[in-house]
Amino acid sequence: MRRAERTTVRVGARGRALASAAALASVLVGCAADGGADAAPRASSSPAAPSPTVPPSTPASVPTPTPDGTLLVADFGSDTVTFVDPRRGPLGSVEVGTAPYGLVVGADGRAWVATAEGVAVVDTRTRTRLALVRYETAGGPATTGEYRGGGMGIALSPDGGRVYVGVNVPGGNGTVEVIDTASREVTATVPVGRRPFDVDVARDGSEVYVTDHDSFDVTVVRADTLSPRRVEVAPYGTEGGLGSWLKPHYAVVRPSDGRLLLPFEGERLVVVDPRTGRSEIEPMTADTHQHGATITPDGTLLVVGTGPIDPAEDEGPSLTVRAPDGTERVYPLDGPHENVAVSKDGRTAYVTGGFTRDGYWDGITVVDLRTGGTTRLPAGERPLGIAVL
């Protein structure tokens, strides 16, 4: 196994860190920290389309067409999604439903947004909400905050015909609801584990992978039969239960072989073969609690570090950029962040400052992936999910 290397903060694992349920009964994920004040944004080094100028008298219901390369973020602290020019900031928002979490955008320009109330369908070209698909799963009243019921992770099938959304049921196991994108109707409901943070789909569309945060597992769902199968992912064990910090958050599907990559604590990358359920562990170097992840077509993994569990042992917030050969660059970030997307040219990362716990801020950090230079950009209200249009 090739050991990971890094170019910034110290190398090495801080060792096993198991948190007791009694000490952490009210703390399930993340770390509280001060996000800091937004700095004035500077131009990103990546090419971007010019930001359109909308006269003050232009009605909000008649927006300027959205340029290519615009960012779309889910405003977890509000009931909107916000369109963001990656160099200048917000262009406008669309109301979608209470506390939107994850989002995904299809080739047809429609965004599917997982809110506490249902999945909102947004035309990103005209910036209008087309529909709200209500959940069949009873998740209680539509509320806000980290433990709210309703949609969390969300993904599209490769052919664009289905949306898969993880629905959290407070205090119990969740579901994945299947939505037909043509009819905009829920066609099936599949039981999964607790708090489905993330949903991913195999590149051939044959399987769906649901990362169940509070049950230490990934639920593998066959797309044809919708039969679920549990795969435990617990490289630190399951001690502490709901009070443990050391649980899976987000996963990605590796392009080269279809395996799932799940980062833990900036120390361990769990590589899961979803066909067999077997896993291997590779070393990581950021030594920080980790949440959002994405992967580029060439297999470069990007992982968001939210900050330390134990400030005496762990490093602060960061973005890990891990090459396919396992070497890593770790870029420090100012304050907690949650999720990440990459520009179409692969030169720039956009990291949302929303974060699921205290310490969030209303913006995005723009990271130049060649130099590690960063810019803080205002963007929506507690932005969480993100996509590049």
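The values are calculated or read from the model by the stated rules, or taken from the named source; none is laboratory data. Remember, it's a predicted structure, so these values are computed and weren't measured experimentally. Every residue, glycine among them, receives a Cβ derived from its backbone with ideal geometry; neighbour counts consider all protein chains shown. Each accessible area value is taken on the protein alone, full model and side chains, heavy atoms only, with ligands, DNA and RNA left out. Shrake-Rupley method; radii C 1.70, N 1.55, O 1.52, S 1.80 Å.
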- Message: I'd like the GluC sites (Glu not before Pro) in the range 240-344 restricted to DSSP loop residues with at most 13 other Cβ atoms within 10 Å, sorted by number.
- Response: Glu313
- Task: Show the residues, 5+ positions off or on another chain, whose built amide H is closer than 5 Å to the amide H of Leu91.
- Result: Phe83, Val84, Asp85
- Query: How do 220-227, 154-161, 119-126 rank on mean C-beta neighbours within 10 Å, highest first?
  - Reply: 119-126, 154-161, 220-227
- Rounded to the nearest 0.05, what FRET efficiency do Asp345 and Ala312 have when you use their Cβ-Cβ distance and R0 = 41 Å? 0.55
- Excluding ligands and nucleic acids, what accessible area in Å² is computed for Leu262 using a 1.4 Å probe, to the nearest 10? 0 Å²
- Task: For every other residue with a beta carbon closer than 13 angstrom to the beta carbon of Thr175, add +1 if it is Lys or Arg and -1 if Asp or Glu, then tell me the sum.
- Result: -1
- Item | Chain lengthening between Thr126 and Thr144 when straightened (0.36 nm per residue, less Cα-Cα) | 3.7 nm
